[in-house]
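Asks: Right, I'll just put the structure down here and ask away after.
The values are calculated or read from the model by the stated rules, or taken from the named source; none is laboratory data. All of these numbers come straight from a predicted model, not from anything done at the bench. In this analysis, Cβ positions are derived from the backbone assuming ideal geometry, glycine residues included, and neighbour counts consider all displayed protein chains. In case anyone asks, the SASA skips ligands and DNA or RNA and just uses the protein heavy atoms, side chains included. Shrake-Rupley method; radii C 1.70, N 1.55, O 1.52, S 1.80 Å.
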Amino acid sequence: MDIEEDIRALQLDSAEDNNGVVNPENAKLEEVEKSDKMVEDPKEEVQAQPVQTEAKVKDKEVSSVGDKEEEEELNRKRHLNVVFIGHVDAGKSTTGGQILFLSGQVDERTIQKYEKEAKDKSRESWYMAYIMDTNEEERVKGKTVEVGRAYFETETTRFTILDAPGHKSYVPNMISGASQADIGVLVISARKGEFETGYERGGQTREHVQLAKTLGVAKLLVVVNKMDDPTVKWSKERYDEIEGKMIPFLKSSGYNVKKGSVLYWCTTRYDEIEGKMIPFLKSSDVLFLPLSGLVGLNMKTRVDKSVCSWWNGPCLFEALDAVEIPLRDPKGPFRMPIIDKFKDMGTVVMGKVESGSVREGDSLLVMPNKVPVKVQAVFIDEDRVKRAGPGENLRIRISGVEEEDIVSGFVLSSVSNPIPAVTEFVAQLQILELLDNAIFTAGYKAVLHIHSIVEECEIVELLQQIDPRTKKPMKKKILFVKNGAVVVCRVQVISSICIEKFSDFPQLGRFTLRTEGKTVAVGKVTGV
């Protein structure tokens, strides 16, 4: 009797698997059950049937899990890299740490631990910066050296914070961070004397803005920090003074700035973001807003009128959510400059996808060495995914190459359309400020920074000078140029490097030239 019940249960299961239609084989099985004579060993029938049913269920589960993963990846929130730039001690790490705390990435107990640690070192106001600091040396000195990296989410966007160092000694690290960024947060200290130090000649505020624009940071949120300082006290006069000085400089650096930005924001509410805020941010590259990174005012929620009666604009989270950037091509040739590598059950490379998409099982090339590799696994943050598109920061486990055969600046590339590898290229350069007594001519040597590449280079020939008024080439032959000139020249490097024409892939075709710790020129690749 038990055996008969088992068989009936199996028939019901099987009918459900076939959307309620009973399989003819199951119908036969029913007949077999009725006629005991025909069943020699019913136990065998019972044992065989569950295995088939289980297999069907498992297949269903696997396919539904696969579909679910695909759906999750398609519905994944958009991702933006945000680089925090500005003069040393403006409060970049503190603001970044506060963002992580307010978005729930750091718990109260950790904050209390950092607070005690900072107090023991007589550095009470540094505790929020400890969240972003990458090592003990940074905490002791109070200076960011490496580019700190952290993650947080809002309702619409996943953000990666890149906390760039502000000290002039670490500008190459700042360049590395900014070259990966989609948008920038320029942190300015409102404290009396601190803004002036950062903004005046020799301060890093100016150099960071110029570098950010050169490196492709198209949108800039200028946050006037330390508004709660006793020398400021949320003063509108101080805020207006800083905004008034920064706007002409931002315009001269190539940013489109609309003066009426704050007035525009006055008429909007956060729940009208889609219809109101986004059109403004499309037409302007820059937005100013006041905040206090240390105490977290005007960051996740708008600052209370009792604290700052004159501010009617957005808070930092609202502004970040509203930023729109140009879409990249998920179907384009795959390009991922490698910024780091390590061993973990094979060779793992890290980088940001600038074009195309990648899946587990893909065959790619490591350029410029043209080494064929196979993609074993793809990770976004800590999550393993089946595929990833442009704009994502990835860790990719690959086979076919040893970790020691890869260096920063190599590019993971499509097999069918690999990135060019060159030792010489043509570029259009704008000379910013040459060192004392230097002239820019054939034979000039500098350090080239392009995506994750840092390489010594030499100017081998000046081809033509560009007229700044007409933007057209001048006819006369040139042998040298001075500060402010725009020139087309041939640039040579010792080792093969992976670059693209600026017109094809802007992020892989814009660069800076530095010498003796100073940025002397910015440029774009026009021919490879």
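Asks: Considering every residue within region 384-396, establish whether at least one is exposed (fewer than 15 other Cβ atoms within 10 Å of the Cβ) and either without any contact (Cβ under 8 Å) to a residue 24 or more places away in the chain or within 18 Å of the chain's Cα centre (by Cα) (or both).
Replies: Taking every residue of region 384-396 in turn, at least one turns out to be exposed (fewer than 15 other Cβ atoms within 10 Å of the Cβ) and either without any contact (Cβ under 8 Å) to a residue 24 or more places away in the chain or within 18 Å of the chain's Cα centre (by Cα) (or both).
Asks: Just the residues that are part of a helix (DSSP H, G or I), closer than 28 Å to residue 188 by Cα and either open to solvent by 30 Å² or more (accessible area, probe 1.4 Å) or at pLDDT below 55 (or both), please, taken from region 54-101.
Replies: Across region 54-101, the qualifying residue is only 101.
Asks: Please find, within region 415-455, the residue that is nearest to residue 206 (Cα to Cα) out of those that are open to solvent by less than 50 Å² (accessible area, probe 1.4 Å) and among the polar types (S, T, N, Q).
Replies: 452
Asks: Of these, 349, 378, 371, 353, which one is closer than 15 Å to residue 412 by Cα, over 17 Å from the mean Cα position of the chain (by Cα) and either open to solvent by less than 10 Å² (accessible area, probe 1.4 Å) or not acidic (Asp, Glu) (or both)?
Replies: Within the list 349, 378, 371, 353, the selection yields 371.
Asks: Which numbered condition trips up residue 375, out of (1) part of a strand (DSSP E or B); (2) touching a residue at least 40 places away in the same chain (Cβ under 8 Å)?
Replies: For residue 375, the failing item is (2).
Asks: Within region 398-405, identify whether any single residue is open to solvent by 50 Å² or more (accessible area, probe 1.4 Å), modelled with pLDDT under 90 and assigned to a loop (DSSP other than H, G, I, E, B), and answer yes or no.
Replies: The answer is no, given that none of the residues of region 398-405 is open to solvent by 50 Å² or more (accessible area, probe 1.4 Å), modelled with pLDDT under 90 and assigned to a loop (DSSP other than H, G, I, E, B).
Asks: Residues that are more than 16 Å from residue 321 (Cα to Cα), open to solvent by 10 Å² or more (accessible area, probe 1.4 Å) and modelled with pLDDT of 90 or more: find the helices (runs of 4 or more DSSP H) completely inside region 235-292 holding 3 or more of those.
Replies: 236-252
Asks: Can you give me the number of residues within region 181-236 that are small (Gly, Ala, Ser) and free of Cβ contacts under 8 Å to residues at least 60 places away in the same chain?
Replies: Number of matching residues: 3.
Asks: Counting only residues that are modelled with pLDDT of 80 or more and acidic (Asp, Glu), which one in region 158-215 is least open to solvent (accessible area, probe 1.4 Å)?
Replies: 182
Asks: Which residues, counting only those in region 482-528, are farther than 21 Å from residue 326 by Cα, surrounded by fewer than 18 Cβ atoms within 10 Å (Cβ to Cβ) and among the basic types (Lys, Arg)?
Replies: 482, 490, 518
Asks: Are any residues in region 192-238 of a type in the set (Gly, Ala, Ser) and over 15 Å from residue 286 (Cβ atoms), and if so, which ones?
Replies: The answer is 193, 198, 202, 203, 216, 235.
Asks: Provide a single number: the residues in region 326-346 that are open to solvent by 40 Å² or more (accessible area, probe 1.4 Å) and either under 30 Å from residue 222 (Cβ atoms) or in contact (Cβ under 8 Å) with a residue 40 or more places away in the chain (or both). Reasoning before the result, please.
Replies: At the first step, the residues of region 326-346 found to be open to solvent by 40 Å² or more (accessible area, probe 1.4 Å) are 326-331, 339-345.
Then keep just the ones that are either under 30 Å from residue 222 (Cβ atoms) or in contact (Cβ under 8 Å) with a residue 40 or more places away in the chain (or both); that gives 326-330, 339-345.
Adding up the residues that qualify gives 12.
Asks: Ok, one more. Any residue that is outside any helix (DSSP H, G or I), at positive phi and either at pLDDT below 90 or of a type in the set (Lys, Arg) (or both) - is there at least one of those in region 514-523?
Replies: yes
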